[in-house]
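A quick write-up on the structure given underneath.
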Amino acid sequence: MSSPALAIQLSEAEMRLLQALVYQECGMYFDARRAPFLQDRLQRRLRECRMESFYAYYRLLISAEGRHELSCLLENLTINETSFFRNKAQLELFHKQILDELIRSKQDQRNHQIRIWSAGCSTGQEPYTIAMLIADALAYHQLRRPVTPETTWPKPLVPPPWRVEIPASDINYSVLRAGQEGIYPEHQMATVDYAYRLRYFDKVGDRYAIKKAIKELVHFDFHNLKTEFLPQKNDVIFCRNVMMYFDEAEQRRLIEKFYRCLNPGGYLLVGHAESLLGLTDHFTMVYRNAGTAYKRVEVAE
Ligand SMILES: C[S@@+](CC[C@H](N)C(=O)[O-])C[C@H]1O[C@@H](n2cnc3c(N)ncnc32)[C@H](O)[C@@H]1O
């Protein structure tokens with residue numbers, strides 16, 4: 001049996017090099033408080049690649065052949081914690097106010113396309129929660145103000161002529177694959193009540209699989225929020241518990257990108273511990289009970 005490789009101790013200069021590379025590649029900022037985590041994940045990659053010097057590894061990361069290793073390192077650095085129906089107060093605001101307003105105004109404009117982007121979607125619980133809430137909202141709306149008479153049975157999840165698209169993106173390929181698979185163990189279902197389980201999941205052994213009709217609304221794709229090429233023309237963007245890993249400069253840049261990725265009057269929803277206050281004049285905060293969201297401010301031409 002081979003003996004375990006000794007950990008390589010990084011000098012301060014080496015640590016700064018690594019921090020700068022990670023920041024430049026994906027916007028995640030590892031300050032002194034989070035440096036031990038960065039060290040730990042680096043050691044794992046060094047062991048995995050059987051590298052004995054930081055500089056050899058660093059040279060690999062910045063080379064053309066090292067693109068795959070760079071994305072493995074970044075995957076190791078992301079925190080992917082998520083859950084279904086996370087931040088209930090905010091989802092209540094989204095469901096009862098934002099979606100209701102969106103559906104009514106789209107119907108008045110005879111535009112039946114709804115597009116909601118989950119940016120930093122992790123293993124899919126967030127975009128699938130959004131899909132379930134939209135399906136509910138459209139069913140309710142169809143009862144009150146039907147756009148077309150119902151002719152088919154079983155009723156489609158999205159009543160025509162409505163079209164719903166939920167792009168779901170992340171920088172981590174493994175979480176994207178898990179999201180695409182859409183099968184969750186019991187312990188990840190604690191926040192899903194039984195009405196939702198019955199309507200939108202199939203029980204497969206001791207796990208729960210998202211039903212096909214919900215799955216078809218969500219499109220998983222790789223997007224690095226650090227880049228400029230991001231999904232456009234969204235009515236709402238969810239970017240929750242992602243910006244908290246960026247520094248203030250990167251948060252400001254990202255908020256301006258989100259502004260451009262939203263349709264006029266669109267909404268940005270960030271995590272419970274995140275805020276846009278003091279970072280932009282382009283959004284105004286709306287709230288209901290303990291839930292908050294940010295509405296795009298339209299500037300006169
Ligand atoms: C803590 S999870 C949040 C998941 C979900 N939004 C929620 O609130 O439950 C953060 C996610 O952001 C992703 N992420 C971090 N930096 C990113 C970047 N530069 N571009 C895209 N996704 C990123 C991570 O891979 C991770 O899956």
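The values are calculated or read from the model by the stated rules, or taken from the named source; none is laboratory data. As the structure is a computational prediction, the values presented were derived from the model and not from experiment. A quick note on method: Cβ atoms are made from the backbone with ideal geometry, for glycine too, and the neighbour counts reach across all protein chains shown. Please note that ligands, DNA and RNA were not included when accessible areas were found on the heavy atoms of the full protein model with its side chains. Shrake-Rupley method; radii C 1.70, N 1.55, O 1.52, S 1.80 Å.
Taking R0 as 41 Å, what's the FRET efficiency between ARG144 and TYR29 from their Cβ-Cβ distance, rounded to 0.05? Efficiency computed from Cβ-Cβ geometry: 0.30.
So for the chain, taking the charge dipole from beta-carbon charges (+1 Lys/Arg, -1 Asp/Glu), which of ALA20, ASN234, GLN9 sits furthest toward the positive end? Farthest along the dipole direction, towards plus: ASN234.
Potential lengthening of the chain between ARG199 and LEU21 amounts to 59.6 nm, from the contour at 0.36 nm per residue minus the alpha-carbon distance. Modelled label positions at GLN107 and HIS219, each set 7 Å beyond Cα in the direction of Cβ, lie 2.6 nm from each other.
Got a number for carbon plus sulfur as a percent of the range 15-152's accessible area, 1.4 Å probe? So the carbon and sulfur contribution to the accessible surface is 50 percent. Subtracting the Cα-Cα distance of GLU52 and ASP206 from 0.36 nm times their residue separation leaves 51.1 nm of extension gain. Under the criterion of Cα pairs below 8 Å and six or more residues apart, the relative contact order for the chain equals 19 percent. Based on C-alpha pairs under 8 angstrom that are at least 6 apart in sequence, the range 29-155 has a relative contact order of 22 percent.
Full extension of the chain segment joining TYR173 with VAL286 gains 37.3 nm, where the gain is 0.36 nm per residue of separation less the Cα-Cα distance. Estimated purely from DSSP H runs of n ≥ 4, each contributing -39500 (n - 2.57), the mean residue ellipticity at 222 nm for the chain is -11500 deg cm²/dmol once divided by its residues. Considering only ILE214, TRP162, TYR196, and ranking their Cα positions along the charge dipole of the range 113-238 that arises from unit charges at the beta-carbon of Lys, Arg, Asp and Glu, the one farthest toward the positive end is TRP162. At a probe radius of 1.4 angstrom, the accessible area of the range 112-193 per residue rounds to 43 square angstrom. Report the Stokes-Einstein translational diffusion coefficient (µm² s⁻¹, integer) for the chain, Rh taken as the Kirkwood radius over Cα pairs, at 4 °C with viscosity 1.567 mPa s. Here the translational diffusion coefficient equals 61 µm²/s.
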